[in-house]
Amino acid sequence: DAKTTQPPSMDCAEGRAANLPCNHSTISGNEYVYWYRQIHSQGPQYIIHGLKNNETNEMASLIITEDRKSSTLILPHATLRDTAVYYCIVREGSSNQGGKLIFGQGTELSVKP
Amino acid sequence: ETGVTQTPRHLVMGMTNKKSLKCEQHLGHNAMYWYKQSAKKPLELMFVYSLEERVENNSVPSRFSPECPNSSHLFLHLHTLQPEDSALYLCASSRGVGWTGRIYGYTFGSGTRLTVV
């Protein structure tokens, strides 16, 4: 079962920041937080991941709370092409058997003009 | 192009047919995966291969038979499927099953849209 909870859907105005929350209250010390997105009828695309520090790349920023029980994915200037389902996944990274990606329902983000 | 190529993109097959889905990766990855995505459902992990050896089979019916002849190729052989097997089948690869490096986690193909009639 997925170890994360996300709102099923969110809207965002084009050009504004999209803030997608994720709860992972049972996360353990060696589990990373991964974010992927899936544009309609395509394969999921990696966005970003982190352990406990905030992370930023060319696509997004990831803010992880100090207790690591929740995180927020930030798309700083959302465009229409960011409309997709966004998945927050916690994943163990320390063993050959524990590193699988298990997807939940995700958040369906709709960016509107 | 993601570096993971799946063929065919679309497939319609009868319940008595035998067909195969193909996945090829050019990323030098050591692990490959099959996922199934049915309408309105999360992606379901079906099979995991690490260094060409199957390391996980998530209670998938025997009418789905995976094959990994080398680290670059993965097949899913299909026979006597049911209409409820209609779904998007996605292949993914990674540098290792436990890989957490900054080199982008899993890379997915675009999937094969399968319709069983």
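Quick notes on this structure:
- Single match in B:Ser50, B:Ser93, B:Ser59 (criterion: surrounded by 17 or more Cβ atoms within 10 Å (Cβ to Cβ), polar (S, T, N, Q) and farther than 26 Å from A:Ile39 by Cα): B:Ser50
- Flag for A:Asn53 being more than 10 Å from chain B (Cβ to nearest Cβ), out of contact with any Asp or Glu (no Cβ under 9 Å at 6 or more places or on another chain) and surrounded by 14 or more Cβ atoms within 10 Å (Cβ to Cβ): no
- All strands (runs of 3 or more DSSP E) inside the stretch B:25-107 with 3 or more residues being under 26 Å from A:His40 (Cβ atoms) and in contact with a strand residue (DSSP E or B) (Cβ under 6 Å, 6 or more places away or on another chain): B:31-37, B:44-50, B:73-79, B:87-94
Here, each number is a calculation from the coordinates, and none is a lab measurement. Owing to the predicted nature of the structure, the values given are computational and were not obtained by experimental measurement. Positions of Cβ are generated from backbone atoms using ideal geometry, with glycine treated the same way; all protein chains shown enter the neighbour counts.
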